[in-house]
Amino acid sequence: MNLSFNHTKLKAIKNKKVILKEIGGIIDRGVFINGQCVKESKKLLKKYFKTEYFLTCGSGHDSILLALQALGLKDNDEIIFPVNAYPTAFPIFISKLKGIPADVDDNGQINPNSVIKLITPKTKVIIVVHLYGLVGNLNKIFEICKKNKIFLIEDCAQAFGSRYQGKLVGTFGDFGCFSFYPTKNLSTLGDGGGILIKNKKHFDYLKKAVQYGEKKRYQSEFISGHSRLPEIQAAILNLYLKNIDKELVKRKFLADYYKKQILKYGLDKYISVLSSDNDSKPVNHLFVIKTKARNKLRNFLKKKDINTFVHYPLTINRIKAFDFLSRKSYPKAEELSKQIISLPFHPYLNKKQINYIVKTMAGFFKQ
């Protein structure tokens, strides 16, 4: 059976003719940065999120970097973030801020109880990461931020379309940061990102920050780099955005079908599926299970042509680049890092393929 782990190539091939036509139009117009496709992206995303303030940028990484920059924080200011969120850590420390890792819950989402213990007078921001497209106890985190006058940044890189208490994730925090990396729920065919912004003051700042701090060309009001969504990637984003609702529905259906088949084969005795808060309606980016037999199961599946991944195998404080962080224990995150497996998951999977994956896992556990 031919099984793709993600849908990037399949989707690009399906839309190849339209994509090439869009690229041809951009070449004919001769505007490759900040052209009509980027303007359309901003317009469509503002409409999707029913917000007044949304900017595109170069990547999901840049979206967090820019959000932190907009807050005008100082070197000793503290940012609390989940210890298992590998990509999220980099913009924090590049900003020369003091990142404070927090442990997570059983589903890999930041644990509010861990957060409360870490708050100090220097705590300025909490970054909640909707890992795998799931949502944790966002209401509790929101209450913590409000009570302590702390900014909330939502890292929605893997959670485009997920909802909490009926509202789209990204609309709760002071900033909602998105990645349009090729494998994401909403994607381009390269790097790309976006920022949903609550405050007009922050929006006005970021409009300049994405382009050398310029109010007008060559009129920089402060020192900044640049972070721009390329015109070609914006065209692809706009194309994919037109069909996003159908794809999100398909993702929900396939995640539910996976769970039903796991129960059908009695695999709930051996594995558990990472899940979302009861108040949420997640759109899975990844379908993640956990089992103590992780490595043996992965090897078994690979022999059956089923590729799996581990997102992510180490907590931040166990990675060489972050040696300066304390080696303290984060029990739940460390347990998950040794047990989680991401199974093939994308909108182009079908029931037959999921049946094969689950049946193969059953063969491993019941052999």
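The values are calculated or read from the model by the stated rules, or taken from the named source; none is laboratory data. What you see is a predicted model; the values in this text were computed from it and never measured. As a convention, Cβ positions derive from the backbone with ideal geometry for all residues, glycine included, and neighbour counts pool all protein chains shown.
General observations
- Hits in the stretch 329-354 (condition: under 28 Å from TYR240 (Cβ atoms) and assigned to a helix (DSSP H, G or I)): LYS351, LYS352, GLN353, ILE354
- Residue identified as more than 12 Å from the chain's Cα centre (by Cα), outside any loop (DSSP other than H, G, I, E, B), at pLDDT below 95 and surrounded by fewer than 19 Cβ atoms within 10 Å (Cβ to Cβ) among LYS215, LYS207: LYS215
- Filter result for LEU286 (surrounded by 15 or more Cβ atoms within 10 Å (Cβ to Cβ), in the same structural domain as ASP256 (by TED's automatic domain parsing) and touching a Pro at 6+ places or on another chain (Cβ under 9 Å)): no
- The condition of being out of contact with any Gly (no Cβ under 6 Å at 6 or more places or on another chain), closer than 22 Å to HIS202 by Cα and part of a strand (DSSP E or B) holds for only one of LEU55, LEU66, LEU73, that being LEU55.
- The single condition from (1) touching a helix residue (DSSP H, G or I) at 6+ places or on another chain (Cβ under 8 Å); (2) hydrophobic (A, V, I, L, M, F, W, C); (3) at pLDDT below 95 that PHE5 fails is (1).
- Evaluation of ASN84 against the conditions (1) assigned to a helix (DSSP H, G or I); (2) in contact (Cβ under 8 Å) with a residue 24 or more places away in the chain shows that the sole unmet condition is (1).
- Taken over the stretch 245-277, the residue count meeting the criterion of being among the aliphatic types (A, V, I, L, M), touching a residue at least 40 places away in the same chain (Cβ under 8 Å) and closer than 19 Å to ASN185 by Cβ is 4.
- Unmet criterion (only one of (1) under 30 Å from GLN233 (Cβ atoms); (2) surrounded by fewer than 21 Cβ atoms within 10 Å (Cβ to Cβ)) for CYS37: (2)
- Output for the stretch 219-238, where each listed residue is under 20 Å from the mean Cα position of the chain (by Cα), of a type outside the set (Val, Ile, Thr) and assigned to a helix (DSSP H, G or I): GLN233, ALA234, LEU237, ASN238
- Flag if ASP155 is among the acidic types (Asp, Glu), touching a helix residue (DSSP H, G or I) at 6+ places or on another chain (Cβ under 6 Å) and in contact (Cβ under 8 Å) with a residue 12 or more places away in the chain: yes
- Residue match in the stretch 111-129 (condition: over 29 Å from LEU186 (Cβ atoms) and in a strand (DSSP E or B)): yes
- Evaluation of PHE54 against (1) crowded, with 17+ Cβ neighbours inside 10 Å; (2) out of contact with any Lys or Arg (no Cβ under 6 Å at 6 or more places or on another chain); (3) among the aromatic types (Phe, Trp, Tyr) (one fails), failing number: (2)
- Residue that is touching a Phe, Trp or Tyr at 6+ places or on another chain (Cβ under 9 Å) and without any contact (Cβ under 8 Å) to a residue 24 or more places away in the chain, where the choices are ILE92, ILE100: ILE100
- When every residue of the stretch 67-75 is checked against the conditions, at least one turns out to be touching a strand residue (DSSP E or B) at 6+ places or on another chain (Cβ under 9 Å), over 30 Å from VAL310 (Cβ atoms) and at pLDDT below 95.
- Filter pass, SER280 being in contact (Cβ under 8 Å) with a residue 24 or more places away in the chain, touching a strand residue (DSSP E or B) at 6+ places or on another chain (Cβ under 8 Å) and buried (at least 19 other Cβ atoms within 10 Å of the Cβ): yes
- Taking every residue in the stretch 207-228 that is free of Cβ contacts under 8 Å to residues at least 60 places away in the same chain and pairing it with any residue that is part of a loop (DSSP other than H, G, I, E, B) and polar (S, T, N, Q), at least 6 positions away or on another chain, the pairs with Cβ-Cβ distances below 6 Å are TYR212/SER224; GLY213/SER224.
- Out of LYS281, LYS290, LYS304, one residue alone is under 27 Å from LYS252 (Cα atoms) and in contact with an Asp or Glu (Cβ under 9 Å, 6 or more places away or on another chain). It is LYS290.
- Residue within the stretch 173-186 that is more than 18 Å from GLY58 (Cα to Cα), in contact with an Asp or Glu (Cβ under 6 Å, 6 or more places away or on another chain) and surrounded by fewer than 24 Cβ atoms within 10 Å (Cβ to Cβ) present: no
- Among the residues making up the stretch 130-151, those that are over 17 Å from PHE178 (Cα atoms) and assigned to a loop (DSSP other than H, G, I, E, B) are GLY136, ASN137, LYS149, ILE150.
- Each residue in the stretch 213-245 was checked for being within 23 Å of ILE153 (Cα to Cα) and either not hydrophobic (A, V, I, L, M, F, W, C) or not assigned by TED's automatic domain parsing to the domain that holds LYS16 (or both), and 6 of them qualify.
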